[in-house]
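S.K.: Below you'll find the structure I mean.
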């Protein structure tokens, strides 16, 4: 039952929403930082998805979540530079035209990779894997795998260059994702203590959702050479039954030393612009080592 629940998930329903904006804001800044050195890096995406999503298709149109996310930033000329950078990449993905498509994490990583860099993209959903493989699978330095992204960390880390970024971004539709994310962070840091591990977390009214950030912090305190950072946006209220995603967080083990100061002025601005209720807010934490 758990397996079929996992395979039912399609990110296209949520493409370009407030959580994607936060996740991709952080990811782009991490990869820009990696590009400051000539030495190549490897990017591992454990839940890679299809690579890109139509915002006019049935999935996205059904919920229109992007309208509360990337669409609110699309026509603005007053964006803070890190957000302007992300919007430019999304505009390029649309060939500079109207907002009709949204790039997934693999597409953004592929744009930012250089000839010396590598992408290892893992996806379990057969249809999304097929789309991703046809889109990026033939490119130099890119490998697209069908399978369990958590398990793939063993074969992809550490890279020969000892420079790497792992994105762990499951749907959390099944509760086993919470312990598996924690185990994956520990595994990544045990194999490769310098790895920049980026983890996306939903903000839900669930005990597992509430407990995971503290557990990730403890794991990073024990295993990461350069500590951790966590950025959070709270933009919505739960419905009458207590359901719904209130916001999300991005946890980064071994964050670039520039990341905190880059995000600090941007997150409060973003929380207000993506607010769906008057109490919208942001938070930014880091460990002593970060």
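S.K.: Go through the stretch 155-178 and count every residue that is farther than 25 Å from residue 15 by Cα and out of contact with any helix residue (DSSP H, G or I) (no Cβ under 7 Å at 6 or more places or on another chain). First the steps, then the outcome.
M.R.: Of the stretch 155-178, the ones farther than 25 Å from residue 15 by Cα are 155-164.
The next check asks that each one be out of contact with any helix residue (DSSP H, G or I) (no Cβ under 7 Å at 6 or more places or on another chain); those that pass are 155-156, 159-162, 164.
Number of matching residues: 7.
S.K.: Looking at the stretch 269-286, is at least one residue closer than 17 Å to residue 85 by Cα, surrounded by 15 or more Cβ atoms within 10 Å (Cβ to Cβ) and in contact (Cβ under 8 Å) with a residue 24 or more places away in the chain? Steps first, answer last, please.
M.R.: At the first step, the residues of the stretch 269-286 found to be closer than 17 Å to residue 85 by Cα are 269-270, 273.
With surrounded by 15 or more Cβ atoms within 10 Å (Cβ to Cβ) added as a condition, the list becomes 270, 273.
Going one step further and asking which of them are in contact (Cβ under 8 Å) with a residue 24 or more places away in the chain, we end up with 270, 273.
Yes, some residue in the stretch 269-286 is closer than 17 Å to residue 85 by Cα, surrounded by 15 or more Cβ atoms within 10 Å (Cβ to Cβ) and in contact (Cβ under 8 Å) with a residue 24 or more places away in the chain.
S.K.: State whether one or more residues within the stretch 208-230 are at pLDDT below 95, touching a strand residue (DSSP E or B) at 6+ places or on another chain (Cβ under 8 Å), buried (at least 16 other Cβ atoms within 10 Å of the Cβ) and more than 24 Å from residue 83 (Cβ to Cβ). Spell out the reasoning first.
M.R.: Restricting attention to the stretch 208-230, the residues satisfying the condition of being at pLDDT below 95 are 208-210.
Then drop every residue that is not touching a strand residue (DSSP E or B) at 6+ places or on another chain (Cβ under 8 Å), which leaves 209.
Those still in the list that are buried (at least 16 other Cβ atoms within 10 Å of the Cβ) too: 209.
Among the residues that remain, those that are also more than 24 Å from residue 83 (Cβ to Cβ) are: 209.
Taking every residue of the stretch 208-230 in turn, at least one turns out to be at pLDDT below 95, touching a strand residue (DSSP E or B) at 6+ places or on another chain (Cβ under 8 Å), buried (at least 16 other Cβ atoms within 10 Å of the Cβ) and more than 24 Å from residue 83 (Cβ to Cβ).
S.K.: For residue 36, only one of the following conditions fails: (1) in a helix (DSSP H, G or I); (2) without any contact (Cβ under 8 Å) to a residue 40 or more places away in the chain; (3) more than 22 Å from residue 131 (Cβ to Cβ). What is its number?
M.R.: Going through (1) in a helix (DSSP H, G or I); (2) without any contact (Cβ under 8 Å) to a residue 40 or more places away in the chain; (3) more than 22 Å from residue 131 (Cβ to Cβ) one by one, residue 36 breaks only (1).
S.K.: Of all residues in the stretch 82-111, which are assigned to a loop (DSSP other than H, G, I, E, B) and within 17 Å of residue 27 (Cα to Cα)? Talk me through it step by step, then tell me what you get.
M.R.: Within the stretch 82-111, the subset assigned to a loop (DSSP other than H, G, I, E, B) is 94-100, 104.
Result: 104, single match.
S.K.: Of the numbered conditions (1) part of a strand (DSSP E or B); (2) closer than 28 Å to residue 225 by Cβ, residue 152 fails exactly one; give the number of that condition.
M.R.: Going through (1) part of a strand (DSSP E or B); (2) closer than 28 Å to residue 225 by Cβ one by one, residue 152 breaks only (1).
S.K.: Can you confirm whether residue 201 is buried (at least 20 other Cβ atoms within 10 Å of the Cβ), in a strand (DSSP E or B) and without any contact (Cβ under 8 Å) to a residue 60 or more places away in the chain?
M.R.: Yes; evaluated as a whole, the condition is true for this residue.
S.K.: Sticking with this structure for a sec: Restricting the search to the stretch 130-156, which residues are touching a residue at least 60 places away in the same chain (Cβ under 8 Å), touching a strand residue (DSSP E or B) at 6+ places or on another chain (Cβ under 6 Å) and closer than 28 Å to residue 212 by Cα?
M.R.: From the stretch 130-156, those touching a residue at least 60 places away in the same chain (Cβ under 8 Å) are 131-132, 135-136, 144, 149-150, 152-153, 156; that's our starting set.
Add one more test, that the residue is touching a strand residue (DSSP E or B) at 6+ places or on another chain (Cβ under 6 Å), and what stays is 132, 136, 144, 149, 152, 156.
Residues satisfying the conditions are 149, 152, 156.
A quick yes/no check of all residues on (1) crowded, with 20+ Cβ neighbours inside 10 Å; (2) in contact with a helix residue (DSSP H, G or I) (Cβ under 6 Å, 6 or more places away or on another chain):
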position	(1), (2)
59	no, yes
75	no, no
84	no, no
88	no, no
100	no, no
107	yes, no
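S.K.: Count, please, the residues in the stretch 204-250 that happen to be within 19 Å of the chain's Cα centre (by Cα), in contact (Cβ under 8 Å) with a residue 60 or more places away in the chain and part of a helix (DSSP H, G or I).
M.R.: 2
S.K.: In the set 52, 64, 69, which member is without any contact (Cβ under 8 Å) to a residue 12 or more places away in the chain, within 19 Å of residue 21 (Cβ to Cβ) and within 20 Å of the chain's Cα centre (by Cα)? Please lay out each step first, then the result.
M.R.: Numbers: 52 fails: without any contact (Cβ under 8 Å) to a residue 12 or more places away in the chain; 69 fails: without any contact (Cβ under 8 Å) to a residue 12 or more places away in the chain.
Just a single option satisfies the conditions, and that option is 64.
S.K.: Now for a different question. So, in the stretch 251-290, of the ones that are out of contact with any strand residue (DSSP E or B) (no Cβ under 7 Å at 6 or more places or on another chain) and part of a helix (DSSP H, G or I), which residue ends up nearest to residue 28 (Cα to Cα)?
M.R.: The qualifying residue nearest to residue 28 (Cα to Cα) is 262.
S.K.: Could I ask something else about it? Identify the single condition in (1) over 23 Å from residue 36 (Cβ atoms); (2) without any contact (Cβ under 8 Å) to a residue 60 or more places away in the chain that residue 123 does not satisfy, given that it satisfies every other one.
M.R.: Checking residue 123 against (1) over 23 Å from residue 36 (Cβ atoms); (2) without any contact (Cβ under 8 Å) to a residue 60 or more places away in the chain, the one that fails is (2).
S.K.: Look through 121, 79 and report the one residue that is assigned to a strand (DSSP E or B), in contact with a helix residue (DSSP H, G or I) (Cβ under 7 Å, 6 or more places away or on another chain) and closer than 24 Å to residue 252 by Cα. Before you say what the answer is, go through the steps one by one.
M.R.: Working: 79 fails: assigned to a strand (DSSP E or B).
When all the criteria are applied, what remains is 121.
The values are calculated or read from the model by the stated rules, or taken from the named source; none is laboratory data. This structure is a prediction, so every number in the text was calculated from the model and none was measured. Virtual Cβ from ideal backbone geometry, glycine too; neighbours counted across all protein chains shown.
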